1. Tally the residues that are within 17 Å of ILE260 (Cα to Cα), part of a strand (DSSP E or B) and open to solvent by 30 Å² or more (accessible area, probe 1.4 Å), restricting the search to the stretch 442-460.
2. Quick one: in the stretch 262-299, of everything that is over 24 Å from GLU475 (Cα atoms) and small (Gly, Ala, Ser), which residue is surrounded by the fewest Cβ atoms within 10 Å (Cβ to Cβ)?
3. Considering ALA278, ALA314, ALA252, which residue is touching a Leu at 6+ places or on another chain (Cβ under 6 Å) and either over 23 Å from PRO192 (Cβ atoms) or of a type outside the set (S, T, N, Q) (or both)?
4. Of the conditions (1) closer than 12 Å to THR172 by Cβ; (2) open to solvent by less than 30 Å² (accessible area, probe 1.4 Å); (3) assigned to a loop (DSSP other than H, G, I, E, B), ASP236 satisfies every one except a single condition; which number is it?
5. Can you pull out the helices (runs of 4 or more DSSP H) entirely within the stretch 310-411 that have at least 2 residues that are within 24 Å of the chain's Cα centre (by Cα)?
6. Has the stretch 44-67 got at least one residue that is at pLDDT 95 or above and touching a His at 6+ places or on another chain (Cβ under 9 Å)?
7. Mind listing just one residue for me: the one in the stretch 202-217 that is open to solvent by less than 10 Å² (accessible area, probe 1.4 Å) and farther than 27 Å from THR382 by Cβ and, of those, farthest from the chain's Cα centre (by Cα)?
8. Can you pull out every residue in the stretch 141-150 that is open to solvent by less than 10 Å² (accessible area, probe 1.4 Å) and under 18 Å from HIS479 (Cα atoms)?
Amino acid sequence: MEIFDLTIHELHEKLKAKEVSSVEATRAMLDRIEAVDSQVNAYITVTPEQALVQAEDADRRIAAGEIAPLTGIPVGLKDIFVTKGIRTTCGSRILENFVPPYDGTAVAKLKEQGAVIVGKLNQDEFAMGSSNESSYFGPCKNPWDLSCTPGGSSGGSAAAIAARTATATLGTDTGGSIRQPASHCGCVGLKPTYGRVSRYGVIAYASSLDQVGPLTRDVTDSALLLGAVAGYDPMDSTSVNTPVPDYVASLAKGVKGIKIGLPKQYFIEGLDPDVKRAMDEAIAMYKSLGADIREVSLPNTEYAVATYYIIATAEASANLARYDGVRFGHRAEDARGLAQMYSKSRAEGFGPEVKRRIMLGTYALSSGYYDAYYVKAQKVRTLIQQDFLNAFKEVDVLLTPIAPTPAFKIAEKLEDPLQMYLSDIFTIPVNLAGTCGISVPAGFSAAGLPIGLQLVGKPFGEQEILTAAYSFERETQWHLKKAPL
C-alpha cells in the first residue's frame, strides 16, 4: 500500500512508530497530486513550499513526543476556508487573487494539531451548485468516471479523497454540499449540527445553513477530524457552547437495539433502481445487526427544496453584497464612475449561477414580496424542523438515500437548473432542520459509480450517527474500493 492510500489513523500509527516521516508522507502526496490532478482538477491551489515547512515542523513535534491525531497528516481544504498567506478564491473570479491576512478557526485548529495543508480544493462558485461545474477554475471530475461530476459544492474535497490526493479534507455543507459529493465519490462525509463547528473564517453563502465538516476515507477518520475542529468559538455568534465528546471512543458500541427510522417521503417512485437496491441491502444489514427498523413520516419534506431556494438565496444576496470591487476582489478596469464600477466589477466577477441566485434572493427580499416569500419560507422551515423533532421522539437515527441517482454526466443538467436543484432533495431538509447527517459508502451502480447511504441524527447527535455508520462500515467492504486512477 502506498503512503497516499493510508487513512488518518493508519498514517498516524506509522508516524508515531517513526516508520515514515511527515516530510516523506507530504512528498508522496505532492507527487500524487502532480501525477493525477491534471485529470481530476480537484485542486485550485497547491502549496508545496508551505506544506513541506509544516511537515518539517510536524516531524520535530513527533521527535519531541508531541504527536496529536492529525500531526503530520496531509490535508486539503475547500477553497472557501480563509487561509493566512494562501490564495482563497471560493471558486470565483471576483476573489481570484485574494490572499487573506488570517486563518479561520477550523484552519487554526488543524494547524494547532500539526496538520499539513497541501492545498486548496475546487468547488462550485461561492458553494452554489451540486456538480462543481460553476467553478471559475473549471469543473472538477469524478475519479470513478472522469466523464461524470463529483457532485457539489465540495466536489474537489470529495474527489481528492477518491483520487488519493489528500489523506483527509474539510468541506462545507449548506444544502448537502458535503454529503452529496461524498456519496458520488465513495467517501465518508459528515455535516455536523449547526453551531457544532465554528464558521469564523468561512466565506459565507447562506449564514443560517452553512456548516463545516470532514470528508474522509472511513468513519474513524471522520470522527477524528470532527473532534479536531468541533467546539465553541466566541468569534462565531452562532457557535454553541456544549462539550465535544470523544467521537472515536464510542464508535464500536454497535447498533443492537437502536431504533432506525425510514422516512416514507424519502423512498419514492423515481428513485434510481441501483440506489433503491443499495438502500434495501443496507436496511437488511442493519436488521441483521439487531437494529429496530420502523417507518416514520416527515410530512413537510415536499416543501423543502422550494423553502431552501428562498432562504438560501435571500441570505446569499445579502452576504455577497460586500463584493463591490472597492475593498478587495476583482475591480473592473474601464468603468466610468462609481456606480458603473460597482456594476461592471460584479458583472465580470460573478458567474451565471451566482447571479441567478443573487437575483432570486433579492427578489424574495424586495418590498411587497418579503412577507409572501421570505417570511412564509421561514414559517415552513419551522414546520420542517418540527417534523424531525417529532420523528426523533420515536427513533434514534433516520436512514435515507443521499441522492436520487449516482453521479451524473458533466453538463447533463446545466441547462435545467431545477433538475440540478433536485439533486439535493434528500439532503436539504437536514440543513433546514439544523441537525446532523453523514454519508457512508453503501454500494455501486451497475456502471461502477459509488452510492452513499445517509444517516441523520438528533441535534448534536453526531456520536449516534458515527456509531451507526461505523457498524455498517465494519460489515461491508465498499469503503475499501479504490477509484481506477
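1. Here the count works out to 0.
2. This residue is GLY270.
3. Of the residues listed, the single one that is touching a Leu at 6+ places or on another chain (Cβ under 6 Å) and either over 23 Å from PRO192 (Cβ atoms) or of a type outside the set (S, T, N, Q) (or both) is ALA314.
4. Only one criterion in (1) closer than 12 Å to THR172 by Cβ; (2) open to solvent by less than 30 Å² (accessible area, probe 1.4 Å); (3) assigned to a loop (DSSP other than H, G, I, E, B) is unmet by ASP236, namely (1).
5. 352-365, 376-391
6. Looking for residues that are at pLDDT 95 or above and touching a His at 6+ places or on another chain (Cβ under 9 Å), one finds at least one in the stretch 44-67, hence yes.
7. THR216
8. The answer is ASN142, PRO143, PRO150.
The values are calculated or read from the model by the stated rules, or taken from the named source; none is laboratory data. In this text the structure is predicted, and so the values were computed from the model without any measurement. FYI the Cβ positions are ideal-geometry reconstructions off the backbone, even for glycines, and counts take in every protein chain you see. SASA here: full protein model, heavy atoms, side chains in, ligands and nucleic acids out. Shrake-Rupley method; radii C 1.70, N 1.55, O 1.52, S 1.80 Å.
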